[in-house]
Amino acid sequence: MKEPDLSVSQLLNEINLLKKEVAFLKNKEKKQELPMELDELLSKSQEIAHIGSWCLNVIENKLSWTDEVYRIYGLEPQEFTPSYEAFLNVIHPEDRDKFDITYSASIKEGKDSYEIEHRIIRKHSQEVRFVREKCQHIRNKKKEIIRSVGMVQDITEEKKYFNVLQESELKYHQIADYNYDWEYWIKPNGEYAYISSACERISGYTPEEIMGQPALFFQMISPKYKAIVHHHFSHEHINSKEVSEMEFVILKKNGEECWIEHVCVPVFDENGNYDGRRGNNRDITEKKKAEQELIAAKNKAQKNEQEQKERIKELNGLYSLDLLAEKYEVIDDVYSKFLNDIVPKSMQFPNKTVALLKIENACYTNNQDFELTENKDCLSSGIRVFKEQIGELIVGYTEDLPFIDVYEQRLLDAYASKLSVIIEKDTILQDLKIQNEEYAVLNEELITSEEDIKRTNEELIIAKEKAEESDRLKSAFLSNMSHEIRTPMNGILGFTTLLQEPDLTTEEMKDYSAIIERSGARMLETINNIIDISQIEAGQIDIHLSSVNINTQIDNLYQFFKVEAENKDLRISIQKGLSNLNSIIITDDKKVYGTLTNLIKNAIKFTLHGSVEFGYNLKDNYLEFFVKDTGIGIPEDKQHSIFDRFIQVDLSLSSQYEGSGLGLSITKAYIYMLGGNLWVESKEGEGTTFYFSIPYQMTNGTQLGSQKSEKHLHDIDNSKKLNLLIADDDEAFRVYLQTLVYSKCKKIFMATNGIEVVEKCKNNADIDLILLDIKMPGLDGYEAAREIRSFNKNVIIFAQTAYALTGNREKALEAGCNEYITKPITKKVLFKLIQKHLKM
């Protein structure tokens, strides 16, 4: 991300014009005094722009500052004589050499100007500030530098909020990178602002490769789809906020084809100006393969079915299925079945032997008295089936009756022809029977295949609906997260800018600061919800059982929300179902408290008038909690979906009721982990009651001791002074902590990594307190704490971190820390812990 650059060229031009006019007036008035109007105009211009100017006479080593420079550096003119050496002493020690080298190099190398950012330390408050310096050199006719003229601008706030914005954008990128799809944001100039890491898994190209070559994405598209995709992007209406969808094929880095489901939507900034497109590409190659295989299988089944129907129709047209007879494996069997009917011996061939022979054993006869020889005459007629001769029907003569009648030959031919037709027809019918049986099996397989196709189609429809719902939820999530992050960020940046306006009253400054604080708290809550739901889905949330006084929790929540409810003119009341002694149970304190907090907060938010009541009762070994309100209510058809992620009752309410839509989903997960249940009863327009139950498991001890009242900040003993070591690799946060505790400290040590922390603790045994960041280079906070405890058992160590994940607190205490604080750290929380451990 590029830092904003506030150009001062216009102001420098005005200053140069004023200087020329001053010189002219001095010459004209013969060194008379410059009119006060011009001096005041110059001073006022610099004060408005928060930019001071200076001039260094290189020859005489005399440095002159405007009033704004004194204000920026926190100095009074009477206590500081400007000179180059004196100016160097104001610069932060770590930046002093860098500035001196930059300035000296610009003179030695003959440069006309230079620009640098560095830190300064204000004399009285020891506050560290960031400034931007710009300088131009003035030369004489010999090209020698005689003067250096420059400007200085305080950019501390700019740096601070740039870091906040950068951290917010980093967290968004981290969320997107966990997504399975390839997400992107392409700016109006065609350059990518962001590409998620999933693009490498899908395309084979890294995000850096695609961002370095914006045209690479279009080069990946298969030639068949290039025209369609180019038309889609070139004709996208930037004034439309509708989602665009299409499917096409890309060629991966290894040459493989990959089907892409592309979804994108135009992005507009807070002023309604077009700011490019955001979207995602999903790999649907496997889905496409399944669809194509399903279509091919369906087409094949339809073709087989049609061929079967045509074949059956053809066979039924030629033969009647009821003529199907017994199959005759050999001709001799056919003889025994048909011969007596066809050739009655007593009538057609008296005193003659009739035989039916196979073609391969023509010398064989069924009659043992008949022998066919070359010397014996006989009658014969071929048996042909489908034009192929398979045997012969013969009539042989004995020695007593050698006479052969011509009529008998004709009769034998007729009988042979009839027998051929019978055998041929019988063969056809038998083949048809076998084929029909095969078709019956095929038909069963076809019916089964159709049922499978129908079931697969139904499953595909369900999968498609789930995918569309997932896409809808994802779009809703991105839109809602953008709103929930940008809205408070707008409040932070906007009112920070207003705080820089001159002539603000004390009351206005307090109001603006309060708005900034509320906006920061809202954005922190959104980020915490995203982290919680991510941990729940990853199965990384653990149950930490402890002894909990439910009545104390109810009382604390009542006191916490009482003011908020009364500010909305709402009545708030509580109900406790057990005595203090019986209300001490074993459960997870934070999850029960967090669940009640979320439900009560929702009840107050969605109730415009009336009352809010919460409490619990004992029912069948379970504590049944309730949160009841007289708010807007929930429609009956929405009461099941409100526990899903990113869901609100009515999207049109988003402009009136803020929230990420994650709270009830997190609450439901917590209660189920505790072995309970969560449900809702509501009537639209009348109110809502949320219920949840958890197991009632009493402790063996007695009632917990009463809580000690907290001391207010003004009760801290200021007579003691701390020796404090601040260990954090973030410079802005070190400056923040230093400013927070400066008035309470005798000496403050700074460390930027774990190794430096251990060394400073060894070399300064009088250190009372260490504020120890967990994530540091070289040696992390856990290891640093263990090292310190190996030689110092008494020093107090507060672990501080921005992670705030389940289990981190226990890990920090195990490493030797006394307390665990999550960022952002407030003055009230920090001083309360100092009072607890150091009694001051």
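The values are calculated or read from the model by the stated rules, or taken from the named source; none is laboratory data. For clarity, every value in this text was computed on a predicted model and none was experimentally measured. In this analysis, Cβ positions are derived from the backbone assuming ideal geometry, glycine residues included, and neighbour counts consider all displayed protein chains. Surface accessibility is based on the protein's heavy atoms, side chains included, excluding ligands, DNA and RNA. Shrake-Rupley method; radii C 1.70, N 1.55, O 1.52, S 1.80 Å.
What the table shows:
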| quantity | calculated |
| --- | --- |
| Within region 585-641, tally of residues that are of a type in the set (Gly, Ala, Ser), assigned to a strand (DSSP E or B) and under 35 Å from the mean Cα position of the chain (by Cα) | 0 |
| Lys474 vs. criteria of a type in the set (Lys, Arg) and either modelled with pLDDT under 75 or outside any helix (DSSP H, G or I) (or both) | yes |
| Matching option when the condition is more than 30 Å from Ala514 (Cβ to Cβ), under 32 Å from the mean Cα position of the chain (by Cα) and in contact (Cβ under 8 Å) with a residue 24 or more places away in the chain, among Asp729, Asp766 | Asp729 |
| Subset of region 790-830 [at pLDDT 90 or above, out of contact with any strand residue (DSSP E or B) (no Cβ under 8 Å at 6 or more places or on another chain) and closer than 25 Å to Cys745 by Cα] | Phe791, Asn792, Lys793, Asn794 |
| Residue, modelled with the highest pLDDT, within region 46-73, restricted to residues that are more than 24 Å from Arg139 (Cα to Cα) and open to solvent by 30 Å² or more (accessible area, probe 1.4 Å) | Arg71 |
| Among residues of region 516-551, those that are buried (at least 16 other Cβ atoms within 10 Å of the Cβ), part of a helix (DSSP H, G or I) and over 25 Å from the mean Cα position of the chain (by Cα), counted | 3 |
| Odd one out for Glu33, checked against (1) modelled with pLDDT of 80 or more; (2) more than 14 Å from Val131 (Cβ to Cβ); (3) not in a strand (DSSP E or B) | (1) |
| Leading residue by the ranking (nearest to Leu737 (Cα to Cα)) among those in region 145-194 that are of a type in the set (Lys, Arg) and modelled with pLDDT of 70 or more | Lys160 |
| Top-ranked residue of region 559-584 - restricted to ones that are in contact (Cβ under 8 Å) with a residue 40 or more places away in the chain and assigned to a helix (DSSP H, G or I), ranked as most open to solvent (accessible area, probe 1.4 Å) | Glu564 |
| Ile312 being among the hydrophobic types (A, V, I, L, M, F, W, C) and at pLDDT 85 or above | no |
| Residue satisfying condition, being closer than 26 Å to Gly675 by Cα and open to solvent by less than 50 Å² (accessible area, probe 1.4 Å), within set Gly594, Gly631 | Gly594 |
| Answer from Ser125, Ser106 - the residue that is under 30 Å from Leu737 (Cβ atoms), small (Gly, Ala, Ser) and within 49 Å of the chain's Cα centre (by Cα) | Ser125 |
| Considering residues of region 697-755 that are aromatic (Phe, Trp, Tyr) and at pLDDT below 90 only, the residue least open to solvent (accessible area, probe 1.4 Å) | Phe733 |
| Where Ala799 falls short, out of the listed (1) surrounded by fewer than 18 Cβ atoms within 10 Å (Cβ to Cβ); (2) under 35 Å from the mean Cα position of the chain (by Cα) | (1) |
| Matching residues, region 270-282, being open to solvent by less than 60 Å² (accessible area, probe 1.4 Å) and of a type in the set (Asp, Glu) | Asp275 |
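Yes/no per residue for (1) hydrophobic (A, V, I, L, M, F, W, C); (2) over 17 Å from Glu731 (Cβ atoms):
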{"site": "Gly754", "(1), (2)": "no, no"}
{"site": "Ala765", "(1), (2)": "yes, yes"}
{"site": "Leu769", "(1), (2)": "yes, yes"}
{"site": "Arg786", "(1), (2)": "no, yes"}
